[in-house]
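**Q** The structure is given below, and queries will be raised subsequently.
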Amino acid sequence: MISNERLTVRKTYKLYLGGAFPRSESGRTYEVTDARGAFLANAARASRKDARDAVVAARAAFGKWSAATAYNRGQVLYRVAEVMEGRHAQFCEEVAAGEGLSTGRARAAVDAAIDRWVWYAGWTDKLAAVLGSANPVAGPYFDFSLPEPTGVVAVLAPQRSSLLGLVSVLAPVVASGNTAVVVTSHERPLPAVTLGEVLATSDVPGGVVNLLTGDAAELGPWLAEHDDVDAIDLTGAPPERAMEFEREAAGSIKRVLRPPAGGEPDWTADPGLTRMRTFLETKTVWHPKGF
Amino acid sequence: MAVFEYAPAPESRSIVDIAPSYGLFVDGEFVDGSGEPMKTVNPATEEVLSEVAVGTEADVDRAVKAARRAFTRVWGPMRPADRGKYLFRIARLLQERAREFAVLESLDNGKPIRESRDVDVPLAAAHFFYHAGWADKLAHAGLGPDPRPLGVAGQVIPWNFPLLMLAWKIAPALATGNTVVLKPAETTPLTALLFAEVCRQADLPPGVVNIVTGAGETGRAVVEHADVDKVAFTGSTEVGRSIARAVAGTRKKLTLELGGKAANIVFDDAPIDQAVEGIVQGIFFNQGHVCCAGSRLLVQENVHDEVIAALQRRIGTLRVGDPLDKNTDIGAINSAEQLARIRELSDVGEAEGATRWQPACELPDRGFWFPPTVFTDVSPAHRIARDEVFGPVLSVLTFRTPDEAVAKANNTTYGLSAGIWSEKGSRILAIADRLRAGVVWANTFNQFDPTSPFGGYKQSGYGREGGRHGLAAYLMGADSE
Amino acid sequence: MTHVLDPHALTAETPPRREPPTPYADVTRSESAFRAFLHGLPGVDQVGASSRVAMLGTRSIKTTSKAWAIDTAISMVDLTTLEGSDTPGKVRALAAKARRPDPTDPGCPPVAAVCVYGDLAGVAKEALAGTGINVAAVATAFPSGRASRAVKLADVRDAVAQGADEIDMVIDRGAFLAGRYLDVFDEIVAVKEACARPDGAAPAHLKVILETGELVTLDAVRRASWLAMLAGGDFIKTSTGKISPAATLPVCLVMLEAVRDFRAATGRHVGVKPAGGIRTTKDAIKHLVLVNETAGADWLTPDRFRIGASSLLNDLLLQRQKLRTGHYSGPDHVSVD
């Protein structure tokens, strides 16, 4: 059949790793369908070695990102929102297709996702004031406590909310200076890959966010066991595997954010500080006061 | 007398009255334990001090039930201000009976009376006093508008600061409205049992504080009890791991305060005499049985010889011996088991090529003793540079530049504490920023205060104790759960 | 019998600058070199120094060691009177006390020295003849030190001529705080020269008073200590007793560290003398503990450690009586001088 309509150029959906867009080292892909089962794309199916490489990239990026000024991180996160806004329509399409949402509800989810970046962009330079303290110790010392990022955080992103849920778990991790290795929604990975394209063009240094499309059930144990991962968010872990992942995470005393009781939460609710708090350490510094 | 020798100045033991045997403190009463009782010994003499009950799973269950009842019926519903008043009472009682606690602590633990008297006991009282004030001000703690207690806290504490760790655990738990089942360490149960008596003198409602003595199995029963809402543990990283595993998949909230291998970094512009004091205080305080001990001395190469000479001279003045002597600086190692570990790791240090130095010092014939020890020529690959010795053993490494100091300091799986010695303010702040450790002491070391959050990075654990931050471990609210 | 200054004392010449001992011979080659040296000494953290002395203050000195400490402290006392109202009678009374502090107990050791103003040095010398107790005279326009150098040196020569065994000089704190370190150095050197005796007998020992209450910081105390030692001071002394605070334990700690380090570097022993504010046996024993655990047992002799005091002696005597008799006594059981 011959048509006069232009044939579209389709996108190859790849991983976002260390600031680049590689295919999985394993060469594996898997078929992604829309909510009704129609083919959308072949996504890269990340392997344990991709996860390993992502941790290396995240660790390498941690020094600079965590040492960047909070003002700078805030501007970078705000830039993400700006660039996302320019891709609004694309995100709406992908979210609607993947999650089976009406145009209106997909639009609302994308709006909320963009606004969430803005919200977290505004938090970067407030955290130390809100979570830190000057401690009135009983002696001639100046003593203060400041929040600091935990390090490399593995995030098993929500399986259902492919964009708003993803941003809601990713932004609080990187806002405070952590770097992230994210396993996206398995069945709905496409908005995550597009988000990677946004991140790559919004001043987010390579390696700060690494997005692995694939199966949390497969990658979860590798990340949970990885000694160079400091914390893990189990939000998107298969419910029957979360306990196992938590046990594995105990091996290196990882900070663990358990999956929410009662399944995926309402991502439109006020996020609060819990997610940021979970991936922050408190450093207390003492210094004498004397002539 | 040719030289100034200090005649023995022993603190009187008669102030404490140790019973021949102790039960468990459950629901406000001392009750028998179901396990085979254990003996607690004075590590300085190996004399048996008392026989102490061992709690079994069934005993722990009774304690948790008592704590649950107290939580739902009394402590939870109580006016917060009244909870605070009970804690103030406890603080005062600890102050009133301070000498008794200090002597008992030194007897059971082996630490010098100077430390138990001037550090452990006053700080324990201060923790209760500090947290008492929080009880009716939790809405202002920045943890959400309506922070609520978790319920029953199961707490397991170590033997190095028996009463102080009890205070670090119980004071915040109670102030935030939780009730407690606490297991003291196997080798140091006595001050916790004396604390039970303080709870009675304070008329603390039965079941709010339960003390179940025993060893590892008892601790496991506390941690794994299904009706415990919160687990708090201070101890080794190894046990911490197994607790984190045990708690996995439950809704129990967990905080861990684990091991450490702190770097104490001495720059060439340090106030040398105070740095030497800080090194000594960092590693020999409490016989080095301190998770945040400054066990790795990182000294700038251009002042290495000078610092080591000064350090050795200073160590030569340390007085090792009878913990009850007011002039003792270093007491007994807490147990035969710990002594064996210290000996083993020191021997490994020597075998690996490090140079061992110990001052001439006479050790008592009986009891568990280890002289203050410095290893020089230590390389970062040596086990004594990596493993926690938990004894009076210092490993000395060198660095040339600030970058190297930071890299070496952070080159550990632990991240509890660190020290920096320099007279240059900007350098201190820059280094402090880059150290991956929960507590950074600059131009001081081993300072503690109830207002100051304490806890680790990395495999030194998570959660903070002390300050506003410490409350979060015992509360759920919009922002903490 | 008012003493009259020898008119020649004022005209004597100021000696040339003397080099400090090795390995520090070149540090006084210029003002900037000397400044670099003194400012290159390790800093002192005040809080750390204070907590160190607080810890040593908890040492519990009992029974035999207390008895030893009291006798040692008595033998280190520079029994002092430095009042405008001092008279020969007062000085003689003090000398009598110095020889036999406790008339009821011949076993009680004498003090180390009697410390007076220079014009009374002769009186003290006469009163103490044959006892082995030294006469120390404050000089150099004590306590402020605010007079021309010629006047200060005349003051010293005069006291030495009167028979003073020891000269307690004050440094020029104004010059020190203004950073004119070589001026301060030269003056100490000159005073040291003035301590010589024309007949070639052993020169008077020189104690250099830093007046730490005016230097304020422990960093300055350390620098001044080194300056005084390099210039040839036999003792470094905290205070005149006329400025508050006088001797404090952290200051004494820093000075003891200085003499310890100076000995290690040069082989020369310099003594330390805290003065002013030490009134009780407890204070004195704290100082002895500080000496013992900082500079070491070598310094626990009157040749290397002195305590400048007046009322302290009676408290030491009361405590000594208590140890001897086993019961407490009161102020009427020691002499008022």
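**Q** Report the longest stretch of chain C that contains none of the GluC sites (Glu not before Pro) sitting in a DSSP loop with at most 16 other Cβ atoms within 10 Å. Before the final figure, lay out each step's value.
**A** Values: sites that count: C:E13, C:E83.
Between exposed loop sites, the widest span is C:84-337.
**Q** Moving on to the next point. Counting only DSSP beta bridges with both residues in chain B, what percent are antiparallel, rounded to the nearest 5? Display every interim value, and only then the final one.
**A** Details: 18 of 58 bridges.
In chain B, DSSP labels about 30 percent of beta bridges as antiparallel.
**Q** Would you please give the FRET efficiency between A:R160 and A:Q75, computed as 1/(1 + (r/R0)^6) with r the Cβ-Cβ distance and R0 = 41 Å, to the nearest 0.05?
**A** 0.85
**Q** Rounded to the nearest 0.05, what FRET efficiency do C:T280 and B:Q95 give with R0 = 30 Å and r taken as the Cβ-Cβ distance? Could you check? If you can, show how the numbers build up before the last one.
**A** Working: r = 27 Å, r/R0 = 0.90.
With R0 = 30 Å, the Cβ-Cβ based efficiency is 0.65.
**Q** Among C:L227, A:L156, B:A192, flag the residue with its Cα farthest along the positive direction of the charge dipole of the protein assembly as shown, charges on Cβ as +1 for Lys/Arg and -1 for Asp/Glu.
**A** A:L156
**Q** Continuing with this model, one more query. Under the classification rounded if a/c is under 1.5, otherwise prolate if a/b is larger than b/c and oblate if not, where does the stretch C:132-187 fall, given a ≥ b ≥ c as square roots of the Cα gyration tensor eigenvalues?
**A** Numbers: a/c = 2.64, a/b = 2.10, b/c = 1.26.
Since a/c reaches 1.5 and a/b is larger than b/c, the shape of the stretch C:132-187 is classed as prolate.
**Q** 5 Å is the cut-off here: which amide hydrogens, built 1.01 Å from N in the peptide plane, fall below it relative to B:N264, excluding neighbours closer than 5 in sequence?
**A** It is B:R296, B:L297, B:L298, B:G419, by chain and number.
**Q** Tell me the total accessible area that C and B bury against each other, 1.4 angstrom probe, in square angstrom rounded to 100.
**A** Details: alone 14220 and 18790 Å², together 30770 Å².
In total, chains C and B hide about 2200 Å² from solvent.
**Q** For chain C, with the dipole built from +1 on Lys and Arg beta-carbon atoms and -1 on Asp and Glu ones, taken about the Cα centre, which of C:I243, C:H39, C:P109 lies farthest toward the positive end?
**A** After comparing all options, I get C:P109.
**Q** Also, quick follow-up: Hey, if you put +1 on the Cβ of every Lys and Arg and -1 on every Asp and Glu Cβ in the stretch A:26-144, which of A:V137, A:A60, A:Y71 ends up farthest toward the positive end of that dipole?
**A** Selected residue: A:A60.
**Q** Less than 13 Å Cβ to Cβ from B:V3, Lys/Arg counted +1 and Asp/Glu -1: what total charge do the surrounding residues give? If you can, show how the numbers build up before the last one.
**A** Working: positive: none; negative: B:E5, C:E293, C:D298.
Summing Lys and Arg as +1 and Asp and Glu as -1 gives -3.
**Q** Any idea how far apart A:A67 and B:A226 come out in nm if each label point goes 7 Å out from Cα toward Cβ?
**A** Once both label points are built, they end up 5.2 nm from each other.
**Q** Quick check on the protein assembly as shown: of the DSSP beta bridges with both residues there, what percent are antiparallel, nearest 5%? Before the final figure, lay out the partial values.
**A** Details: 36 of 122 bridges.
Counting DSSP beta bridges with both partners in the protein assembly as shown, the antiparallel share is about 30 percent.
**Q** Which percent of the accessible area of the protein assembly as shown is formed by carbon and sulfur heavy atoms (probe 1.4 angstrom)? Could the numbers behind the result be given before it?
**A** Details: 21250 of 40980 Å².
In the protein assembly as shown, the share of accessible area belonging to carbon and sulfur is 52 percent.
**Q** Which stretch or stretches of the stretch B:45-69 have amide N atoms under 18 Å from the point lying 7 Å from B:K39's Cα along the Cα→Cβ direction?
**A** B:45-54
**Q** Measuring from label point to label point, each 7 Å out along Cα→Cβ, what is the B:R245 to A:A261 span in nm?
**A** Here the modelled spin labels are 2.6 nm apart.
**Q** What do you reckon, how do C:D332, A:D111, B:D347 stack up by accessible area (1.4 Å probe), largest on top?
**A** These residues rank, largest area first, as C:D332, B:D347, A:D111.
**Q** Follow-up question, since we're still on this one. With charges set only on the Cβ (+1 for Lys and Arg, -1 for Asp and Glu), what does the dipole of the stretch A:29-288 come to about its Cα centre, in debye to the nearest 20? Walk me through the numbers before you get to the answer.
**A** Working: 24 positive and 32 negative charges, 64 e Å.
Around 300 debye, computed over the stretch A:29-288.
**Q** Please turn the phi angles of the stretch A:130-144 into ³J(HN,Hα) values with the Karplus equation 6.51 cos²θ - 1.76 cosθ + 1.60 (θ = phi - 60°), one per residue in order, whole Hz, x for glycine and proline.
**A** Values, residue by residue: 7, 9, x, 7, 9, 9, x, 5, 7, x, x, 9, 8, 9, 9 Hz.
**Q** Got a sec? What order do C:T58, C:T87 fall in by accessible area at 1.4 Å, biggest, i.e. largest, first? Mind showing how you got there, number by number?
**A** Working: C:T58 40, C:T87 65 Å².
Ranking C:T58, C:T87 by accessible area, largest first, yields C:T87, C:T58.
**Q** Per residue, how much accessible area does chain A have with a 1.4 Å probe, in Å²? Provide the component values of the computation, followed by the final result.
**A** On the way: 12080 Å² over 291 residues.
That works out to 42 Å² per residue.
**Q** Here's another thing I want to ask about it. Looking at the stretch C:232-330, which chymotrypsin sites (Phe, Trp or Tyr not before Pro) are in a loop (DSSP not H, G, I, E or B) and have at most 16 other Cβ atoms within 10 Å? Kindly include the intermediate steps, with their values, before the conclusion.
**A** Values: sites: C:F235, C:F262, C:W299, C:F305, C:Y328; in loops: C:Y328.
Listed in order of number, the matching sites are C:Y328.
**Q** Here's another thing I want to ask about it. Need one number: buried accessible surface between chains C and A, 1.4 Å probe, both sides summed, DNA, RNA and ligands left out, in Å² to 100.
**A** Numbers: alone 14220 and 14010 Å², together 27770 Å².
Rounded to the nearest hundred, the buried surface is 500 Å².
**Q** As a check on your grasp of the helix formula, calculate [θ] at 222 nm for chain C: sum -39500 (n - 2.57) over DSSP H runs of n ≥ 4, divide by the residue count, round to the nearest 500. If you can, show how the numbers build up before the last one.
**A** On the way: 13 runs with 147 residues, N = 337.
Computed mean residue ellipticity for chain C: -13500 deg cm²/dmol.
**Q** Okay, next question. What trypsin sites (Lys or Arg not before Pro) in the stretch C:67-157 are in a loop by DSSP, with at most 16 other Cβ atoms within 10 Å of the Cβ? Each step should come with its number before you reach the end.
**A** Numbers: sites: C:K90, C:R92, C:K97, C:R99, C:K125, C:R146, C:R149, C:K152, C:R157; in loops: C:R146.
For trypsin sites (Lys or Arg not before Pro) across the stretch C:67-157 that sit outside H, G, I, E and B with at most 16 neighbouring Cβ atoms in 10 Å, the list reads C:R146.
**Q** I would also like to ask the following. Restricting attention to the stretch B:310-369, which GluC sites (Glu not before Pro) occupy a DSSP loop and are surrounded by at most 11 other Cβ atoms within 10 Å?
**A** Values: sites: B:E337, B:E344, B:E350, B:E352, B:E362; in loops: B:E352, B:E362.
For GluC sites (Glu not before Pro) across the stretch B:310-369 that sit outside H, G, I, E and B with at most 11 neighbouring Cβ atoms in 10 Å, the list reads B:E362.
**Q** Mind listing the phi-derived Karplus ³J(HN,Hα) values for the stretch A:96-111, rounded to whole Hz, using 6.51, -1.76 and 1.60 with θ = phi - 60°, and x for any glycine or proline?
**A** For the stretch A:96-111, the Karplus curve yields 4, 5, x, 9, x, 9, 5, 4, x, 6, 5, 4, 4, 5, 5, 3 Hz.
**Q** For the protein assembly as shown, what is the per residue volume of the convex hull drawn over the alpha-carbon atoms, in cubic angstrom? Before the final figure, lay out the partial values.
**A** Values: hull volume 212.4 nm³, N = 1109.
Here the figure is 192 Å³ per residue.
**Q** Next up: Please get the size of the charge dipole for the protein assembly as shown, origin at its Cα centre, with Cβ charges of +1 on Lys and Arg and -1 on Asp and Glu, quoted in debye to the nearest 20. List each step's numbers first, then the result.
**A** Working: 120 positive and 132 negative charges, 249 e Å.
Magnitude of the dipole: close to 1200 debye.
**Q** Nearest 100 Å² is fine: how much accessible area is buried between B and A, summed over both sides, with a 1.4 Å probe?
**A** 3400 Å²
**Q** In straight Cα distance, which lysines are under 17 Å from C:K62, not counting same-chain residues fewer than 8 positions off?
**A** Correct list for C:K62: B:K326, C:K282, C:K286, C:K322.
**Q** Assigning unit charges at the beta carbon (Lys, Arg +1; Asp, Glu -1) and nothing else, what dipole magnitude in debye, to the nearest 20, does chain C show about its Cα centre?
**A** The dipole of chain C has a size of about 800 debye.
**Q** Now a separate question. So with the 1.4 Å probe, I'd like the accessible area per residue for the stretch C:153-262, rounded to whole Å².
**A** On the way: 2790 Å² over 110 residues.
Computed with neighbouring chains in place, this is 25 Å² per residue.
**Q** Show the residues, 5+ positions off or on another chain, whose built amide H is closer than 5 Å to the amide H of C:I236.
**A** C:V208, C:G271, C:V272, C:K273
**Q** What 222 nm value per residue comes from the helices of chain B, counting each DSSP H run with n ≥ 4 as -39,500 (n - 2.57) and dividing by all residues, nearest 500 deg cm²/dmol?
**A** Details: 14 runs with 167 residues, N = 481.
Only helices count here, giving -11000 deg cm²/dmol.
**Q** Based on the Cβ-Cβ distance of C:H333 and C:T22, what FRET efficiency does E = 1/(1 + (r/R0)^6) give at R0 = 56 Å, to the nearest 0.05? Let's see the in-between values first.
**A** Values: r = 53 Å, r/R0 = 0.94.
Result of the calculation: an efficiency of 0.60.
**Q** Kindly report the accessible area of the stretch B:212-371 per residue (heavy atoms of protein chains, probe 1.4 Å, no ligands, DNA or RNA), in Å².
**A** Details: 5340 Å² over 160 residues.
Accessible area per residue, the stretch B:212-371: 33 Å².
**Q** In terms of modelled amide H atoms, which long-range or inter-chain residues lie less than 5 Å from the amide H of C:D26?
**A** none
**Q** Could you put B:Y457, A:Y141 in order of accessible surface area, largest first, with the 1.4 Å probe and the full protein assembly present? Write down the numbers at each step before the final one.
**A** On the way: B:Y457 0, A:Y141 25 Å².
Largest accessible area first, the residues go A:Y141, B:Y457.
**Q** Then there is this: Note every residue of the stretch B:235-279 with a reduction of at least 50 square angstrom in accessible area, all protein chains present versus the isolated chain, computed with a 1.4 Å probe, or write none.
**A** B:R245, B:A248, B:R251, B:D273, B:Q274
**Q** A further question on this structure: As I understand it, the value is the acute angle between the Cα axis of helix A:190-200 and the longest principal axis of the Cα atoms of chain A; what does it come to in degrees, rounded to 10?
**A** 50 degrees
**Q** So if each residue of separation counts as 0.36 nm, and I subtract the Cα-Cα distance between B:R400 and B:D146, what length gain in nm does that give? Could you put the intermediate results ahead of the total?
**A** Values: separation 254, 0.36 × 254 = 91.44 nm, distance 5.14 nm.
Taking 0.36 nm per residue and subtracting the Cα distance, the gain is 86.3 nm.
The values are calculated or read from the model by the stated rules, or taken from the named source; none is laboratory data. The structure presented is a predicted model; accordingly, all values stated were derived computationally and were not measured. Every residue, glycine as well, gets a Cβ built from its backbone with ideal geometry; the counts of neighbours run over all protein chains shown. The accessibility values were calculated without ligands, DNA or RNA, using every heavy atom of the protein model including side chains. Shrake-Rupley method; radii C 1.70, N 1.55, O 1.52, S 1.80 Å.
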